[in-house]
1. More than 29 angstrom separation, counting every C-alpha pair in the protein assembly as shown; what % is that?
2. Once you average over the residues of A:40-52, how many Cβ atoms of partner chains fall within 10 Å of each Cβ?
3. Between 0 and 90 degrees, rounded to the nearest ten: what's the tilt of helix A:19-32 against the longest Cα principal axis of chain A?
4. Count the lysine pairs in the protein assembly as shown whose Cα atoms lie under 22 Å apart, taking only pairs 8 or more positions apart in sequence or on different chains.
5. Within 10 Å of each Cβ in B:21-28, how many Cβ atoms from other chains are there, averaged over the peptide?
6. So for region A:7-93, averaging the separation of alpha carbon pairs under 8 Å that are six or more residues apart and normalising by length, what relative contact order in percent results?
7. Using Cβ contacts closer than 10 Å as the measure, can you line up A:D56, B:D80 from fewest to most?
8. For A:C13, which sequence-distant residues (separation of 5 or more, or a different chain) have an amide H within less than 5 Å of its own amide H, given hydrogens modelled in the peptide plane?
Number of protein chains: 2
Amino acid sequence: MTARTPRIEIEYCTQCRWLLRAAWLAQELLTTFRDDLGEVALVPGTGGIFEVRLDDETLWSRKERGAFPELPEMKRMVRDQIAPDRSLGHTDRHK
Amino acid sequence: MTARTPRIEIEYCTQCRWLLRAAWLAQELLTTFRDDLGEVALVPGTGGIFEVRLDDETLWSRKERGAFPELPEMKRMVRDQIAPDRSLGHTDRHK
């Protein structure tokens, strides 16, 4: 299977019941970057994983960072990669 | 980018604002087939599209069928392909 790019992948731990959190993040990113994203994939995982990847790059790993991503930070990271000229409105003013 | 299989792809029309519907279906399928699915991808589209694909096969096309998929039917179609021995509980009793 070939995926569409830019592709965001959210791998979440099913044992931790993080599907809702992952699906919420997916919808936020698809709303903000509606015309810029090829797809957002939800990937069931295990062992406490919560990782967000953009194509081959890991943007966020809960294990490395010790926390879930904050939404404004996540959006800025995605924006910087796929739509660097785009303003995120009030999100940008808290940089 | 290589996707994980079995892969379900839900392509939805952004102009029609069907993201919430697509995300709801994604979560239902990921809940029911937690250990059987490689990923569920949400794919923004246009022009009234609402299509559900399993790997290379189209399971549902709103244009062809003239309606959105019913959840029990959708789950049976997915189950028959990826976990044929699995009972879907009360969903199966309405066959």
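1. Numbers: 3836 of 17955 pairs.
Roughly 21 percent, once rounded to a whole number.
2. Working: counts 7, 13, 11, 9, 11, 0, 1, 0, 0, 0, 0, 0, 0.
Partner-chain Cβ atoms within 10 Å, mean over residues of A:40-52: 4.
3. It works out to around 20 degrees.
4. Values: A:K63/A:K75; A:K75/A:K95; B:K63/B:K75; B:K75/B:K95.
Lysine pair count for the protein assembly as shown: 4.
5. Working: counts 0, 3, 7, 2, 0, 8, 7, 0.
Taking the mean over all residues of the peptide, I get 3.
6. On the way: 114 pairs, mean separation 26.8, N = 87.
This gives 31 percent for region A:7-93.
7. Numbers: A:D56 9, B:D80 12.
In increasing order of surrounding Cβ atoms, one gets A:D56, B:D80.
8. Under 5 Å from the amide H of A:C13: A:W18, A:G45, A:I49.
Coordinate-derived values only; no laboratory data. Bear in mind the structure is a predicted one, so any value in this text is a computation, not a measurement. Reconstructed Cβ throughout: ideal geometry from the backbone, glycine too, with neighbour counts over all protein chains shown.
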